[in-house]
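Structure first, commentary second.
Nothing in this text is a laboratory measurement; each read-out follows from the coordinates by a stated rule. From a predicted model like this one, the values you see are computed outputs, not experimental measurements. Quick reminder, even Gly has a Cβ in these numbers, built from the backbone with ideal geometry, and neighbours come from all protein chains shown.
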Amino acid sequence: MSAQHRPSSAAPTASQGPKAPIRLLEDIRRAGKTWAELAPRWGVSEPDPPWKTSLHATCECLSAAAVLPVLERRRAEDELGETLYCGTPAPEQQLLALAHTMLTRGLLSEEELARRIKEVRTRLVAS
Amino acid sequence: MANRETGNVLARFNVGDRVRVKDLPNLFYSRTQMYVRGVSGVIASRTYQSLVPEDEAWNRDEAQPQQFYIVRFRQKDLWEEYPFDNDTLQTELPEGWLEPATD
Amino acid sequence: MQSQHDHDHAHDANAAHRAAPMVDEISDFEVLEIAVRELAIEKGLFTADEHRRFTEWAESIGPAAGSRLVAKAWTDPAFKARLLADAVAACREIGLDWAEPTGTGTPSDYMEFRVLEDTPNLHHVIVCTLCSCYPRPVLGHSPYWYRSPNYRRRLVRWPRQVLAEFGLQLPPEVEIRVEDSNQKHRFMVLPMRPPGTEGWTEEQLAEIVTRDCMIGVALPRPDRKADDPRPVQPARRPVESTSANRAAG
């Protein structure tokens, strides 16, 4: 069995390795408001942020397409959840770990993700 | 040990058979936990036939499906100095990981 | 980095939408989730339609289906027999189809499902040491502690200690059977009906069958309709993937 048959053979773009901090995500981890902070401030009792099911669906789709199999995603979530993102609550931690894994596997680039984040924010503020 | 046909491949083991989990090297991807390797248990149930995860993970659809079994282990056999005699653990394993137990 | 933003005020003026408070503030995490999803779709990793189908499915599942299965099994012995013999078929009787949303289930919920019946001498508890396989069609999404390394790596090795941390202590003569769902089967526990529920309807019974009871970390009680909150703790004495300690990673 050669390495090219591995389900996710994309070369990592983060040169420091799969567990090194990624600046874009570090900014979000530090400055982002988690659901645990936002919900009580707005008097919302929902335990989970509205985007959680969409995040789960993204994970399912990546797994169904064999782009990022469940076991590999879960392993990355575990490793990153015990290291880089250990202080972040669960749904946000899972999101950071997914974005991190997609970046280190070259499924997304840091530049395009940063650009898209700006666009999405502009769109949401305008709406 | 009688072979019985279920589905497309012959199932080698029957409920009640004592089996030992082989201690095979990991080929990149396996769902056979380290903690059952080399340990003997009893077939609790014969389940379904499927590609083994080792083949499925690489999309090797042409590989031969295997019979899967739920195997019951005594916790005392899995862990040294486990203090409770009655406790058990069950997990599911493909036939290729099992061999008849000799102990 | 967050800012205030107004949702449609004309919309908010509608009485139907005034009742539930909402978070009217954009968070970086909300933005990140959208950005990742949009880029993945644009790159063709999956389609918007696939994502929509999985989202609808994810929003439709929850532990209520499992509670109904248990309550029905408690009140209808014939149903219980069918549930134990072929759980996937029994689920269809309450309108739950394991084939959703793709026709063959999801990438992590196959169509193999078994119900584990507790008896006075046998208590089941489920775990997935490898990842976090969970019977989502009947129980919804797994709670965070179920996915935590603390639970997954310790339950197989010290089940009684882990159960005690959940407040569940069982006498040594009761066999504790850990079911590690590391392959395609998904499992759910059928707990024993507690005393003090004589004459209750199926609906009343379903209310006390909480998610934790169907995982096996709690027992149903006539006075408890919700699970206690579970703080996620870091793994203490985890089982590691070394040959000396032989374990699940």
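Quick look at the values:
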quantity	calculated
Partner lysines for A:LYS33 [C-alpha distance under 30 Å; skip if fewer than 8 residues away on the same chain]	A:LYS19, A:LYS52, A:LYS118, C:LYS43
Segment B:ARG72-B:ALA101, extension gain: residue separation times 0.36 nm, minus the distance between their alpha carbons	9.1 nm
For q = 0.14 Å⁻¹, Debye-computed log10 I/I(0) when each Cα of the stretch C:50-152 counts as one equal scatterer	-0.59
Lys, Arg +1 and Asp, Glu -1 on Cβ, resulting dipole of the stretch C:37-143 about Cα centre, debye, nearest 20	180
Cα-centred dipole magnitude for the stretch C:22-83, charges only on beta-carbon of K, R (+1) and D, E (-1), debye, nearest 20	820
Cβ-Cβ FRET estimate between A:ASP27 and C:GLN204, R0 fixed at 35 Å, reported to 0.05	0.10
Order by protection proxy (mean Cβ within 10 Å, highest first), peptides B:14-23, A:68-77	A:68-77, B:14-23
Å³ per residue enclosed by the Cα convex hull of the stretch C:62-215	111
Net charge dipole size for chain A [Lys, Arg +1 and Asp, Glu -1 on Cβ; Debye, nearest 20]	260
Scattering curve values for chain A, log₁₀ I(q)/I(0), Debye with Cα scatterers, q = 0.18, 0.19 Å⁻¹	-1.11, -1.22
Efficiency of FRET from Cβ geometry, C:GLN169 and C:THR197, R₀ 22 Å, rounded to 0.05	0.55
